[in-house]
Structures are given as C-alpha cells and as structure tokens.
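Quick notes on the structure that follows.
The values are calculated or read from the model by the stated rules, or taken from the named source; none is laboratory data. As the structure is a computational prediction, the values presented were derived from the model and not from experiment. Note: ideal-geometry Cβ built from the backbone for every residue, glycine included; neighbour counts use all protein chains shown.
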Amino acid sequence: MIKFDIITIFPKIFDSYVKESLISRAQKKKLIKINIHNLRKWTTDNHQTVDDRPFGGGLGMVIKIEPVYKAVQSLKLKFKNQNAKRTKVILFTPRGKKFTQKIVTQLAKLDQIIFICGRYEGVDERVAEKIADMELSIGDYDLMGGELPAMVAIETISRLIPGVLGKEQLLKERITKSGGFIEYAQYTRPEVFSPVKNKKWKVPPVLLSGDHKKIEAWKTKHSKVIE
C-alpha cells in the first residue's frame, strides 16, 4: 500500500475527490491511503499564521518554512533500516521538473509520498532547497495552488498500483518496458452516428472485422507512447 500525505491550507478542496469513483474504492480495498493535513495544525500562534510578507518587498504573501518543516518531520514514515528513498517529499512549482509518465512509474514504487501544496505567492525558497526531494510541475502555466497537481499525481500514480483499475491485464498491455503509457484511439456503439441529415461519422471498418491481427496492427499504427 502506498501512502499519500497532503499538506495544504485548504483541506476541504479534496473532500469530493477522495470520496468518489476509483480513488475511493482503492482506499476501501487498502491499496492506497490518502491523508489530508491542514498546515495550520503545525503553527504556534493563536491566529495559526502560515504566511508572511516576503523579504525584499513584493506583492502577496509567502508560505512560511516553520510549519512546513514541522509537518514534514511529523508525517515522514519511520523505517527500521532508515531507507529514506522509500519516502519522497514533493513540492509543486511552475518551474519544477515536468511531471511525466516515467516519473509516475518511479513514484509508484515508493511507500509514502508527501505533497506540499503551496498557495498565494509561493513557498519560502528554503522549503525547495532543504525540505523537498523534488520540485514538479504539471505544465507550463501558473495555478492558484498545489492542490490540483496533487490530485493529478495521486490519480496517475494510483493507476499503476495493481488492483486499482480492476483489470490488471489492461494496465499491463498499456505500459511500455521503459515505463511509458500507450494511448490509442477507441470507439464504441453506434457504428454510425449521424449528427445531422446526410452526415455520417463511422467507426473504422477494421475494428468491426473480427480480425485480431489487423485490429492490433491498426491500434499500433494509431497509438502514441506517452513518457
């Protein structure tokens, strides 16, 4: 079982996500465990302050290092052999390394992943330098926080855990030896769809032929490896 620990100042954002569909079932089957942690729990003042103004000036507020450090230290699993590689701390930033299927494959082998979800103008740089093991980005654009990237990461990683999708053979067929993912065009009924009169959108005839060799050849031709 892989354990996901999410550090955020908006824990309710995850309420519906963790309670629906395959992610919910995977938790009930004890294939994954998702814990949502409010960063304010690790503050020491009466106002539960998690942010402050940036040194040197600038607009907005910056997430403070102290509560983040305390949260990560509190949440890290303790292994008897002190094998720190079994836990990774991930910070989502726009400048981070691009999140790819190959990275997903590597992360799926861990026992625990701690996600730090930034907000406002970002997180104190010392979090990236001293606390996080990896800085990741899900795309070349800016978001309001790290909560959506955390959901993306949980979903992509969970797909690789046997039993989560229900059909293990289906997953095996779609994963390459290098850890990439094979995506190809798919169709279902009806065979012919007419959005308006005299217009017909048809399923490729080869997929209706029953000839498995030709079908596999078609899938190979119309597939793309995502790495």
- Selected residue (only one of ILE116, ILE90, ILE157 is over 18 Å from ILE63 (Cα atoms), of a type outside the set (Gly, Ala, Ser), surrounded by 19 or more Cβ atoms within 10 Å (Cβ to Cβ) and out of contact with any Pro (no Cβ under 7 Å at 6 or more places or on another chain)): ILE157
- Query: Of (1) free of Cβ contacts under 8 Å to residues at least 24 places away in the same chain; (2) touching a Phe, Trp or Tyr at 6+ places or on another chain (Cβ under 9 Å), LYS33 satisfies all except one. Which?
  - Reply: (1)
- Item | Hits in region 1-24 - residues which are among the basic types (Lys, Arg) and either under 23 Å from ILE65 (Cα atoms) or without any contact (Cβ under 8 Å) to a residue 40 or more places away in the chain (or both) | LYS12, LYS19
- Query: What are the residue pairs meeting all of these: first residue in region 212-227, first residue touching a residue at least 24 places away in the same chain (Cβ under 8 Å) and part of a strand (DSSP E or B), second residue surrounded by 10 or more Cβ atoms within 10 Å (Cβ to Cβ) and charged (D, E, K, R), Cβ atoms under 9 Å, and 6 or more apart or on different chains?
  - Reply: SER223/GLU183; LYS224/GLU183; VAL225/GLU183; ILE226/GLU183
- Item | strands (runs of 3 or more DSSP E) contained in region 53-157 and holding at least 1 residues assigned by TED's automatic domain parsing to the domain that holds ARG25, free of Cβ contacts under 8 Å to residues at least 60 places away in the same chain and out of contact with any Asp or Glu (no Cβ under 9 Å at 6 or more places or on another chain) | 134-137
- Here the residues within region 100-119 that are among the β-branched types (Val, Ile, Thr) and either over 25 Å from PRO67 (Cα atoms) or within 12 Å of the chain's Cα centre (by Cα) (or both) are THR100, ILE103, VAL104, THR105, ILE113, ILE114
- On the given criteria, is LYS97 at pLDDT 95 or above, within 19 Å of the chain's Cα centre (by Cα), over 18 Å from GLY146 (Cβ atoms) and loosely packed, with under 14 Cβ neighbours inside 10 Å? no
- Just name the residue that is farthest from PRO149 (Cα to Cα) out of those in region 1-24 that are of a type in the set (D, E, K, R) and surrounded by 14 or more Cβ atoms within 10 Å (Cβ to Cβ). LYS3
